[in-house]
Amino acid sequence: MKSQSFQKPMDEREKLRRFRELDDAFAEALRGLDNPSQAAKIPTGPPVRSLADLEAEETQRVEEEANRRFEERLRTLMQEYSLQPKDVARLLETLKSQGRVA
């Protein structure tokens, strides 16, 4: 047998109290909109960013992640083949001089 939670119906006094709270909050918000000097006190959400900014941020994040993975893989390969950073730099210079890397 399922137990059901029984909610006590609100009496008229409780309904009136809640209505007054909502009415007061609404009236206060309207007063804030009518008075420009109070506008700074109205809470707002975070600033809206443009789609271009969001895309640029995402592109930067993806590039940083790709660079991080590349560096991690390079370190792993250097360790696996016992290469020093100067050896890898010399290899890259040789590849560049031969036109094999951009």
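Each value in this text was obtained by applying a stated rule to the coordinates, not by laboratory testing. Source: prediction; values computed, not measured. Positions of Cβ are generated from backbone atoms using ideal geometry, with glycine treated the same way; all protein chains shown enter the neighbour counts.
At an R0 of 22 angstrom, the distance between the Cβ atoms of Arg75 and Arg49 translates into a FRET efficiency of 0.05. Quick one: grab the alpha carbon gyration tensor of the stretch 44-102, order the square roots of its eigenvalues as a ≥ b ≥ c, and give me rounded if a/c is under 1.5, else prolate or oblate depending on whether a/b is larger than b/c. Taking the square roots of the gyration eigenvalues as a ≥ b ≥ c, the stretch 44-102 is prolate. Backbone phi angles across the stretch 71-86, fed through the Karplus curve with coefficients 6.51, -1.76 and 1.60 (θ = phi - 60°), yield HN-Hα couplings of 4, 5, 5, 4, 4, 4, 5, 4, 5, 4, 9, 6, 9, 8, x, 5 Hz in residue order; Gly and Pro are listed as x. Were the residues from Ala29 through Val88 laid out at 0.36 nm apart, the gain over their Cα-Cα distance would be 14.7 nm. In a fully extended conformation the segment linking Glu65 and Arg18 would gain 11.8 nm over its present Cα-Cα distance, using 0.36 nm per residue.
When you filter the trypsin sites (Lys or Arg not before Pro) in the stretch 56-102 for DSSP loop state and at most 12 other Cβ atoms inside 10 Å of their Cβ, you are left with Arg100.
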